[in-house]
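Please read the structure below before turning to the comments.
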Amino acid sequence: MRLFSPIEWAKESVMAVQDYSLLAWRSLTNLFRHPRYWADILQQADLIGVGSLPIVVLTGFFTGAVLALQSANSLARFGALSFTGQLVSLSMVRELGPVLTGLMVAGRNASGMASELGSMKVTEQIDAMRALGTDPSKKLVTPRVVSSVVMLFFLTIISDLVGLAGGSMVSTLMLRLDLNQYWTSAWQSLAFEDVFMGLIKPVFFGFIIATIGCHYGLRAKGGTQGVGRATTQAVVAASVIILVVNFFITRFLMAFFPMQ
Amino acid sequence: MTTSLASPQPGTLPEPPRKTVVFEDVSIAYDNRPVLDGVSFTLERGETKALFGVAGSGKTVILKLALGLIKPDSGRIFVLGTEVSATRERNLFEVRRKIGMVFQESALFDSLTVEGNVGFRLFEEHCPIEEIHERVVEALRFVELEHTVDLFPAELSGGMRRRVAIARAIITKPEVLLYDSPTGGLDPVTSTTIIELLVKQRDVYKTSALLVTHRLQDAFTMADHRFDRELNRMVPVTGGAASNLHTRFLVLRDAKKIFEGTAAELVASNDEYIKEYLS
């Protein structure tokens, strides 16, 4: 059995970070170089966007619903039940919409990308593509990055809306709140900075999901077991990085848009 | 940076380099274990070079180095006048379009049909669909698999996959072909069919080729057979004519080149290892 070497581990970690940085950088610079794979971008947009719609709708709806249920319980103690719409709206748009959508899409698509590219890597299909004169970072990575960023943006908007709808159903049907009051409160509480914060996050999260998924896929080795390992690592890494980056984006934007 | 072996003089037509692949003192190691140690050789235009050696002796590494898929630790590699060992990945794709590679396990794209695989380069170059279809069928006819156009790789046998990989490699009429164990794991009949295709490619299109193989009989068949266009099959060549077939042998042992020469020279070698290898 080989003994664990901290120096080897450190070297490998630095190499992995270097590889990831290069891949992420290339995925962006490829946008300004020919050829551009529009058909692949559309195909990925369909897979990532339309394919993720059911889980995003379900997650958004029930998150909004449970948020209304929980917050109503607390707000009722202070006689502020009418603020339920405001609370659901701010929570969904600023935080839960983008983060939960990001996590759901990470679970579904970062794993899909890692396993697809990983299988191609271990069966020499990536090498074959390079041998045929095609740059895999242009053909495989950039279309996934573009599609993830664009589709996550729209999926987050859908999630926010469906979450508010879930909250409104609970508020009107279970809490007996007025529907107009709920939507007015939800709408009026939103300021530019809330919407901006909620819609800038999916751009970063989409980029993280695609680059992490592709990075682990393209580094896969060791047959089907290696592909499985890459898939798991991609989901875990993408989810954790989304949560960490979310904290820093929030902190950064709060410095720009101080709380009223 | 791209370095050229021979730059054409201004005002003259560029002459294709006579040497298609040049390895100069190339070394590479994995996990501190040398895989190639100071290996040098040249592949002339129209020549086929068969690379021999036991498993793990670095034969496949030579092909991957020639394609620029991996970089050597030291030494220089020129392919079609470009120093691939010193060229950035981004600039290598142009050179790779002039090279055809048949991978050991075929490496067909499993989510594309046979047509998608064979015509991959043409689709990438945005050729008209009708032209792509025509050329795909022509390439598949060369390997006698034109009926498989709409099938997926998973629906083909191992030998058929290997022949589709050959069709994919030759469709753009590359100047250099790299074959990685094209007959490995196949039955003798299918192996002979594939070797016949390689002989046909060598004699009809005069393509330079590096052939990695474990099967001595495959390389010897290539060395003493020529393709007869009228009979549409390969026929044996005897006597001095065999030396015109441009097939040479290179043997690797312990990361070093220990032999380079013709079939006759290989058989006449006094090297104990080669004698044992041939026996």
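Nothing in this text is a laboratory measurement; each read-out follows from the coordinates by a stated rule. Not measured: the values here are computed from a predicted model. Every residue, glycine among them, receives a Cβ derived from its backbone with ideal geometry; neighbour counts consider all protein chains shown.
Round to the nearest 10 and give me the degree value, 0 to 90, for the angle of helix A:6-29's Cα axis relative to the longest principal axis of chain A. With rounding to tens, the tilt is 70 degrees. FRET efficiency for the B:V149 to B:D228 pair, using the beta carbon distance and R₀ = 41 Å, is estimated at 0.90.
With 0.36 nm allotted per residue and the present C-alpha distance subtracted, the B:D73-B:T238 stretch has 55.1 nm of extension available. I need the shape label for chain B. Rule: rounded when a/c is under 1.5, else prolate if a/b > b/c, else oblate, with a, b, c from the alpha carbon gyration tensor. The shape class here is rounded. Listing A:M174, A:M169, B:M160 from fewest to most neighbouring C-beta atoms within 10 Å gives A:M174, A:M169, B:M160.
Each Lys and Arg adds +1 at its Cβ and each Asp and Glu adds -1 at its Cβ; summed about the Cα centre, the range A:22-256 shows a dipole of about 580 debye.
Membrane-span-like helices in chain B, defined purely by DSSP H runs whose alpha carbon atoms cover 15 Å or more axially and whose average Kyte-Doolittle hydropathy reaches -1.0, are B:129-142, B:158-170, B:188-205.
Rounded to the nearest whole Hz, the Karplus-based 3J(HN,Hα) values (6.51 cos²θ - 1.76 cosθ + 1.60, θ = phi - 60°) of the range A:90-100 follow the sequence 5, 5, 5, 6, 7, 10, 5, x, x, 5, 5, with x at glycine and proline.
Sort B:S181, B:S106, B:S40 so the one with the fewest other Cβ atoms within 10 Å of its own Cβ comes first.
So the residues, fewest neighbours to most, are B:S40, B:S181, B:S106.
In degrees between 0 and 90, to the nearest 10, how far off the longest principal axis of chain A does helix A:192-218 point, with axes built from Cα atoms? Tilt of helix A:192-218: around 30 degrees. Our note on the geometry: Cα centres of the range A:140-155 and the range B:167-238, 45 Å apart.
Net charge dipole, the protein assembly as shown: roughly 860 debye, given to the nearest 20, about the Cα centre with Cβ charges of +1 for Lys and Arg and -1 for Asp and Glu.
Short-range pairs are left out: with C-alpha atoms under 8 Å and at least six residues apart, the relative contact order of the range A:22-256 is 35 percent. The label point for A:S5 and the one for B:K206, both projected 7 Å from the Cα toward the Cβ, are 5.1 nm apart. Going from the residue with the fewest nearby Cβ atoms within 10 Å to the one with the most, A:S13, B:S111, B:S57 rank A:S13, B:S111, B:S57. Computed from Cα atoms, the angle from the helix A:179-189 axis to the main principal axis of chain A rounds to 60 degrees.
Residue-wise HN-Hα couplings along the range A:112-122, as the Karplus relation 6.51 cos²θ - 1.76 cosθ + 1.60 with θ = phi - 60° gives them from phi, are x, 5, 4, 6, 5, 5, x, 5, 5, 5, 6 Hz; Gly and Pro carry x. Structure remark: mean-square fluctuation, Gaussian network model of chain A, C-alpha springs under 10 Å; the largest value among A:S239, A:S82, A:S111 belongs to A:S82. Applying the Karplus relation 6.51 cos²θ - 1.76 cosθ + 1.60 with θ = phi - 60° to the range B:35-51 yields 3J(HN,Hα) values of 9, 10, 10, x, 8, 10, 6, 10, 10, 6, 4, x, 8, 10, 10, 8, 9 Hz, where x marks Gly and Pro.
If you take the Cα centroid of the range A:209-260 and the Cα centroid of the range A:82-113, the two points sit 16 Å apart.
Using only side-chain charges placed at the Cβ, +1 for Lys and Arg and -1 for Asp and Glu, the dipole size of the range B:155-279 relative to its Cα centre rounds to 420 debye. Simple spin-label estimate for A:F256 and B:Y273 gives 6.5 nm between the two label positions (7 Å along the Cα-to-Cβ direction from each Cα). Counting charges near B:A165 (Lys, Arg +1; Asp, Glu -1) among other residues having Cβ under 10 Å from its Cβ returns a value of +2. Mind running the shape call on the range A:22-256? Use the C-alpha gyration tensor, a ≥ b ≥ c as the square roots of the eigenvalues: rounded below 1.5 for a/c, prolate if a/b tops b/c, oblate otherwise. Here the range A:22-256 falls in the prolate category.
Which residues make up the longest stretch of chain B that has no trypsin sites (Lys or Arg not before Pro) in a DSSP loop with at most 13 other Cβ atoms within 10 Å? Longest stretch, sites excluded: B:89-205. Projecting the Cα positions of A:V170, A:N246, A:G228 onto the charge dipole of the range A:22-256 (unit charges on Cβ atoms of Lys, Arg, Asp and Glu, taken about the Cα centre) puts A:G228 furthest along the positive direction.
Please name which of B:V102, B:L51, B:I28 has its Cα lying farthest along the dipole of the protein assembly as shown towards the positive end, using unit charges on Cβ (Lys, Arg +1; Asp, Glu -1) and the Cα centre as origin. Of the listed residues, the answer is B:I28.
Between B:H133 and A:R33, what's the calculated FRET efficiency when r is the beta-carbon distance and R0 is 30 Å? Round to 0.05. Provide the component values of the computation, followed by the final result.
Values: r = 29 Å, r/R0 = 0.97.
So the FRET efficiency works out to roughly 0.55.
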